[in-house]
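As C-alpha cells, the structure follows; a few thoughts come after it.
No value in this document is a laboratory result; all are computed from the given coordinates. All of these numbers come straight from a predicted model, not from anything done at the bench. Here the Cβ is made from the backbone with ideal geometry for all residues, glycine too, and neighbour counts use every protein chain on show.
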Amino acid sequence: MAGLFRDREFWSAIRKLALPLAMQNLLTSSLALIDTVMVGSLGSLSISAVGFASQVAFFANIVMFGIASGGAVFIAQYWGNNDRDGIAKTFGMTLVCNIPISLTFFLLAFFTPELMIGIFTDDALAIAEGARYIKIASFSYLGVALNQTMSIALRSTEHVKSPIAVSAVSVVLNALLNYILIFGKLGFEPMGVEGAAYATAISALAAPVLLIIISLIEKNILVAPLRKLFGFDSAFVKEFFRRATPVLINESLWALGVVGCNMILGRLGTDNYSALTISRTVENLAFVFFLGICNACNVLVAKNVGAGNIAKAKRHATQFMALVPMLAIALGLVIILLRGPILSVFNITDAERAIAFWLLLIYGCEVGLRNLPYIAVVGVFRAAGDTKIGMKYDLVFLWFIALPVTFLCAFVLKLPFVAVYAVMLLCEDIPKTLVCLRRFAGLKWIMPVTEEGIRGLREYKEELYAAGTVEGSGAGDK
C-alpha cells in the first residue's frame, strides 16, 4: 500500500488541484456555518425556512452542475490532447444549456415561492418565511450558473487560482452582507431572513463578474472568439449530448431523489428539520476535502485518458480510491469527537441539539461509505468517459431502494427521526459502494473521446491480452 503513493505526479495533483479547491470550499462552508449561526439567532423557524428554500437552489445547482460536469469530460480530455478549440466550443455549449436552466428556476421561485417551499413542508409559518427568502434569493441562480460553468471549465484545465480567488471574495462578501442586512448594521434596518436572501443574491451575481474580469486580464481558456465558443456543428452537438445527457440525468435523478427524501424528512417536524439543516452545515465542512480529491482525480484521470496514457490513468484512479477510506476515518473521528462543542454555538433548543448530535454521529461513522461512490462515479468513471453508470446506480439505489424505504420507515413504521435518517443513508450507500468497487476492478469505465485516447486504450488492452492478464479479457468494450 505504501508503494502505491510513491508517485510525484499524484502528490503534485493533490497539492495543486485538491488542496486549493478543498481550502476554497472549506472557506465557503465555514462561512456558511457562520451564516447558519446568524440566521439561527432568528429562531428555529428561520433556520428551517432557509433550509427548505435552499433545497430549491440545491436542485437547480445540481442540474446545472450535471451539464457543466458533462462538458468537463470533454474539456479535461481535450486539455490532455492540447485541443484549445475543442475546449472553447465545449465551454460555449455548456453556457448555452445552463443559462436557460437558471432562468427557468428563477421564474418558478420568483413567481411561485409558496408553491416551491410547500413542496417540503406543510407548516404554514415555515412556508411564509421561506417564501420571503426564496423570492429574493432566486436572483442568485443566474450568477451561480455562470460562475459554476466557468469555474468547472477552468478547474478541468488545471487553472484553479482564479475560481478560488473569486470564491473567497464571494463568500466573504456574503458573510459581511449577512451581518449588515440581517441585523441592521451601518445604518440599514434589520431585515431578518430577507437580509440573508439579499446577501446571497448580491454575492452570487458578483462572482461571475469578477471571474470574467480576471479571465480578460489573464487571457485564459475562457477568452475565445465567439465563432469558436459557439461555432459547434451538428456532429459535435450530437456527441456532446450523447456524453453529457447521462451526466445530466444522473445528477438530476440524484438531486431529485435527495429532494424526495427531504420532502419526507421535512414532514416529520420543523424542529427535526432545523436540526438536520445544522448537521448538514457541519457535514459540508468534511465534504470539502472529498470535493478537492474528486477534482484532482477527475483532472488527472481525464487528462491521461485523453492523451492515451491508460495505464497511468488507471494507476492514478487506484491511488485516489485508496486515499478516500483513509481520509474518511480521520474526518469521521473529528466529527464524532467535536460535534458537541460545534453544536453548542447554535441558538437551538436542547431537543434540537440532541437530534443534531445523533445525526452527526451517524454521518461520522459512515462518511467513507457516503463518499467512496462519489469519488468513483464523478472522479473516476465520469472522467474516463463512462457517463452512464452513475445514472444507473442512482436510479436503482436511491430511487428504488432508499426513497421507498425512507417513506416506509417514516410514515408506516413511524420510526424516530434519527432512525429514519440512518436507514436512508445506509440502504443507499452500502450497496452503491459495493457495485462501484466491482466496476472499478475492470476497464469498462474507460471510454475516451479523443483519437489518442481510443488508440491508447486499444494498445493497453492488447498489452494485457499478450501478458495473459485476466483484467484485459473483454474489458473496456463499449
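Please report Rg (one decimal) and Dmax (integer) in Å for the Cα set of segment 251-356.
18.6, 57
In nm, to one decimal, how far is the modelled label at Lys414 from the one at Leu226, with both set 7 Å along Cα→Cβ?
My value for the distance between the label points is 6.4 nm.
Determine one quarter of the surface area of the Cα convex hull of the chain, which equals its mean projected area, and express it in nm² to one decimal.
Mean projected area of the Cα convex hull: 22.4 nm².
At 222 nm, what helix-only mean residue ellipticity would the chain give, in deg cm²/dmol to the nearest 500, using -39500 (n - 2.57) for each DSSP H run of four or more?
It lands at -26000 deg cm²/dmol.
Within 10 Å, count the other beta carbons around each residue, average over each peptide in 170-181, 144-155, and list them highest first.
Final packing ranking: 144-155, 170-181.
Once R0 is set to 45 Å, what does the formula 1/(1 + (r/R0)^6) return for the Cβ-Cβ distance between Ala351 and Glu218, expressed as a FRET efficiency to the nearest 0.05?
That gives a FRET efficiency of 0.30.
Please report the relative contact order for the chain, taking Cα pairs under 8 Å with a sequence separation of at least 6, and give it as a percent rounded to a whole number.
Value for the chain: 22 percent.
Would you mind giving the average projected area, over all directions, of the Cα convex hull of segment 119-189 in nm² with one decimal?
Average projection, Cα convex hull of segment 119-189: 6.7 nm².
Could you tally the net charge around Ala402, taking each other residue with its Cβ under 14 Å from the Cβ of Ala402, Lys/Arg +1 and Asp/Glu -1?
Spelling it out: positives minus negatives among the neighbours equals -2.
Assuming a viscosity of 1.306 mPa s and a temperature of 10 °C, what translational diffusion coefficient in µm² per second does Stokes-Einstein assign to segment 342-478, Rh being the Kirkwood radius over Cα pairs?
In µm²/s, the coefficient rounds to 90.
Mind putting a number on the dipole of the chain about its Cα centre? Charges go on the C-beta only, +1 for Lys and Arg and -1 for Asp and Glu, and I need it in Debye to the nearest 20.
1100
Within a Cβ distance under 12 Å of Trp254, other residues only, what is the Lys/Arg minus Asp/Glu net charge?
-1
In Å and from the alpha-carbon atoms only, list the Rg and Dmax of segment 38-80.
Cα-based Rg and Dmax for segment 38-80 come out at 17.1, 51 Å.
Arrange the peptides 189-201, 293-305 so that the one whose residues have, on average, the most other Cβ atoms within 10 Å appears first.
Answer by packing, highest mean first, reads 293-305, 189-201.
Once you treat every alpha carbon in segment 47-154 as an equal point and sum by Debye, what is log10 I(q)/I(0) at q = 0.11, 0.12, 0.20 Å⁻¹?
Debye intensities relative to I(0), on a log10 scale: -0.41, -0.47, -0.89.
Given just the C-alpha atoms of segment 352-418, how large is their convex hull per residue in cubic angstrom?
About 89 Å³ per residue, rounded to a whole number.
For segment 179-271, calculate the relative contact order in percent as a whole number, restricting contacts to Cα pairs under 8 Å that are 6 or more residues apart.
Once divided by the residue count of segment 179-271, the mean separation gives 10 percent.
Could you give the length gained on full extension between Phe188 and Trp399, defined as 0.36 nm per residue of separation minus the Cα-Cα distance, in nm?
71.3 nm
Lysine pairs in segment 349-478 8 or more apart or on different chains: how many have alpha carbons under 16 angstrom apart?
9
Over segment 419-471, one equal point on each Cα, no solvent: what is log10 I(q)/I(0) by the Debye formula at q = 0.19, 0.20 Å⁻¹?
Those come out to -0.74, -0.78, one per q.
For an R0 of 41 angstrom, estimate the FRET efficiency from the Cβ-Cβ distance between Glu239 and Trp11 and round to the nearest 0.05.
Approximately 0.75, to the nearest 0.05.
Lysines near Lys219 by alpha-carbon distance under 17 Å, same-chain residues fewer than 8 away left out - which ones?
Qualifying lysines at Cα under 17 Å: Lys89, Lys161, Lys228.
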